1. Of all residues in the range 78-97, how many are on the phi > 0 side of the Ramachandran plot and more than 7 Å from the ligand (Cβ to nearest atom)?
2. Is there a residue in the range 337-352 that is assigned by the TED database to the domain that holds residue 242 and among the acidic types (Asp, Glu)?
3. Can you tell me how many residues in the range 425-445 are of a type in the set (Asp, Glu) and within 25 Å of the chain's Cα centre (by Cα)?
4. Hey, among 17, 38, which residue is closer than 28 Å to residue 335 by Cβ, modelled with pLDDT of 95 or more and in the same structural domain as residue 371 (by the TED database)?
5. Just checking, how many residues over the range 353-393 are within 30 Å of residue 269 (Cβ to Cβ) and either within 10 Å of the ligand (Cβ to nearest atom) or open to solvent by 10 Å² or more (accessible area, probe 1.4 Å) (or both)?
6. Output the qualifying pairs, or none if there are none: Cβ atoms under 7 angstrom, residues six or more apart or on different chains, first residue in the range 303-324 and closer than 19 Å to residue 11 by Cβ, second residue open to solvent by 20 Å² or more (accessible area, probe 1.4 Å) and assigned to a strand (DSSP E or B).
7. So residue 412 clears everything in (1) under 23 Å from residue 316 (Cα atoms); (2) crowded, with 21+ Cβ neighbours inside 10 Å except one condition, right? Which one?
8. Please note which helices (runs of 4 or more DSSP H) are completely contained in the range 381-464 and include at least 1 residues that are of a type in the set (S, T, N, Q).
Amino acid sequence: MTIFTGTTNGRVSFWHADMGGPPQPRAPLSGDVTVDVAIVGGGYTGLWTALYLNRLDPALRIAVIEKRFCGYGASGRNGGWLSGGFEWSRDKYIAAGGTREGVIAMQAAMAGSVDEVIARAAEEDIDADILRCDKLMVATCAAQLERRDADLAELAAWDFPASRLTTLDGAGLASRLRVAGGVGGLAVSGSARVQPAKLVRGLARAVERRGVALYEGTTVTGLAPGMVTTDRGTVRAGAVIRATEGFTPSLPGLRREWLPLNSAIIATAPLSPAQWREIGWEGHEIVADYAHAYFYAQRTREGRIAFGGRGIPYRFGSALDRDGQTQAGTIRILHATLMRLFPSLAGIGIDHAWCGTLGVPRDWCTSVGFDPATRMGWAGGYVGLGVSTSNVAGRTLADLVLGRQSDLVTLPWVNHKVRPWEPEPLRWGAVNALYGLYRLSDRIEAKGGGTSILARIGDRIAGH
Ligand SMILES: Cc1cc2nc3c(=O)[nH]c(=O)nc-3n(C[C@H](O)[C@H](O)[C@H](O)COP(=O)(O)OP(=O)(O)OC[C@H]3O[C@@H](n4cnc5c(N)ncnc54)[C@H](O)[C@@H]3O)c2cc1C
C-alpha cells in the first residue's frame with residue numbers, strides 16, 4: 001500500500017524520534033555497588049519510585065538499573081493518556097478482601113494522580129507537552145452505547161463524581177469530534193495529554209539531578225532479597241524493587257507472572273487546518289471508543305493524530321518486539337480503523353508506526369506490593385493505564401519501603417495477589433482466540449443489535 005511508503009517502523013517510538021531519536025544510554029554499572037534501594041527498570045514506575053524515595057529521604061542511596069535506556073519500554077512508547085482512570089474490576093478487589101470504601105479511595109487516588117503528575121513535572125522542570133483535557137469515549141453503534149450506559153451505571157454505583165461526566169448524544173459528540181457513524185459518547189473531565197517520552201526522559205534527568213544513580217545498558221539477570229545480579233556486576237541493596245511491567249516474563253522465574261500484551265500506534269503526518277476543521281477536536285481530548293478491540297488516540301502538540309490499538313495482541317512465549325518494530329498487519333488494521341472513523345483523512349501519510357508491551361495479570365487487576373520480610377517489592381500489571389497509575393505506584397512503593405503508615409499503603413491493590421498465567425501454548429491460543437472473538441463481535445455489533453454473545457464468551461476466556 002503506497003500510503004505506508006516512508007513510514008518509519010520501530011526505532012522504539014515516534015515520541016523518541018520527536019526528541020531527535022532515542023538517547024545515548026548513560027554509563028552502565030561497572031563492578032559491584034551497595035545501595036539502600038535498587039530499582040530494576042527505568043520507566044515511569046522505577047523513576048517515580050526513585051523520585052518519591054528521594055523526596056522523603058534525600059540521604060538514601062538509590063540505584064536504577066536499566067537494560068537499555070530510561071524510557072525504552074512502554075513509558076517511552078504509549079498513547080500519552082494521563083487519564084487517572086480506574087479500569088480494573090472493582091468487584092475483584094472486594095472479593096480479594098478489599099472494602100467498598102477502600103476501592104472508592106483507590107479510585108480517588110488514581111484520579112488524583114493527574115494533578116500530582118502535572119505538579120511534579122512543573123516542579124522538576126519537565127516539559128512534556130502536558131495539556132489538561134477531557135477523556136472522550138465514542139460510541140459508533142447501539143451495542144457501544146449500551147456499554148457507555150453500563151459504564152455510567154458502574155461509575156454511579158461507585159460514587160464517581162457525577163459533575164465530571166457529560167453524556168453525549170450523536171450531535172453532542174459531533175460538536176466535539178466528527179467521527180463517522182458516531183451515535184453518542186461520554187466525556188469525563190480531569191485527564192491530560194502528554195508526550196510520553198518527554199515525561200519519562202525528563203523524570204530520568206530529574207532523579208539524576210537529585211543524586212539517584214542511573215545505570216543504563218545494564219541487564220538484570222537475577223533478583224533476590226538484598227541482591228540484584230546483572231551482566232555488569234552485583235548490586236547489594238537494603239530493598240529491591242521490580243519495575244519491569246511488560247518485560248517481567250523475561251526475568252528468571254517470572255515467565256507466567258504478567259502477560260506482555262502488545263499495543264501499537266501509528267502517527268499521521270500533521271493535519272492541515274482544513275482537515276482539522278473537518279474533524280473538530282478543538283478540545284484536544286484524549287479519545288477512545290467502546291469497541292471490544294478499542295482504539296485510543298491523542299491530538300499531538302504539533303497537530304498529528306497518534307492512533308493506537310491492539311493489532312496482533314501477543315507473541316508466542318511472551319516474546320518481545322525488536323525496538324518497537326510492529327507487524328505490517330497491525331499497521332494495516334490501525335490504518336483501516338482510522339480511515340473508517342475519519343474518512344476525510346483519506347490519503348494522509350503515516351509517518352511512524354511502533355509497538356510495545358503492557359503488563360496484564362491473570363485477573364486483569366493491577367497491583368503494587370512489598371514484602372517487609374524479604375524487602376522486595378514490585379508494581380505494574382496496569383493493563384494499559386500505566387501513565388497515571390505508575391505515579392500512585394511510585395508514591396506507594398516509597399511509603400512501603402520506608403515503612404510509612406500513609407493512606408496509600410492500605411488501598412486494596414496493595415499486596416493484591418493473583419495466580420500465574422497458563423503455560424504455553426494455552427496462553428498464546430487463549431489470547432489470540434480472545435481478540436479474534438472481540439474483532440468478530442465488533443463486526444457483528446456494527447451491523448446493529450446489542451452486545452454480541454461472542455464478546456461475552458471472550459470475557460469469560462479472559463477472566464475479566
Ligand atoms: C503502545 C502502548 C500504548 C499505551 N498507552 C497508554 C496510555 O495512553 N495511557 C496509559 O496510562 N498507559 C498506556 N500504556 C501503558 C503504559 O505505558 C505502561 O503501563 C507504563 O509505561 C509502564 O511503565 P513501567 O515503568 O512499569 O514499565 P516500562 O516503561 O515498560 O519500563 C520497564 C523498563 O524495564 C527495563 N527492563 C526490562 N528488562 C530488564 C532487565 N532484565 N534488566 C534491566 N532493565 C530491564 C526495560 O528496558 C524498560 O525500560 C501503553 C502501553 C503501550 C505499550
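1. 2
2. Let us first name the residues in the range 337-352 that are assigned by the TED database to the domain that holds residue 242, namely none.
There is no residue in the range 337-352 that is assigned by the TED database to the domain that holds residue 242 and among the acidic types (Asp, Glu).
3. Let us first name the residues in the range 425-445 that are of a type in the set (Asp, Glu), namely 442, 445.
Now restrict to residues that are within 25 Å of the chain's Cα centre (by Cα): 442.
Within the range 425-445, residues that are of a type in the set (Asp, Glu) and within 25 Å of the chain's Cα centre (by Cα) number 1.
4. Values: 38 fails: closer than 28 Å to residue 335 by Cβ.
Exactly one residue qualifies, and that residue is 17.
5. First, the residues of the range 353-393 that are within 30 Å of residue 269 (Cβ to Cβ): 353-358, 384-388.
Pick out the ones that are also either within 10 Å of the ligand (Cβ to nearest atom) or open to solvent by 10 Å² or more (accessible area, probe 1.4 Å) (or both) and you get 354-358, 384-388.
Number of matching residues: 10.
6. That search, which allows pairs on different chains as well, returns 308/296.
7. Residue 412 satisfies all of (1) under 23 Å from residue 316 (Cα atoms); (2) crowded, with 21+ Cβ neighbours inside 10 Å except (1).
8. 386-402, 426-446
The values are calculated or read from the model by the stated rules, or taken from the named source; none is laboratory data. Please read these numbers as outputs of a predicted model, since none were measured by experiment. Counting neighbours? That spans all protein chains shown, and the Cβs are built from the backbone with ideal geometry, glycine included. Areas reflect the complete protein model, heavy atoms only, side chains present, ligands, DNA and RNA absent. Shrake-Rupley method; radii C 1.70, N 1.55, O 1.52, S 1.80 Å.
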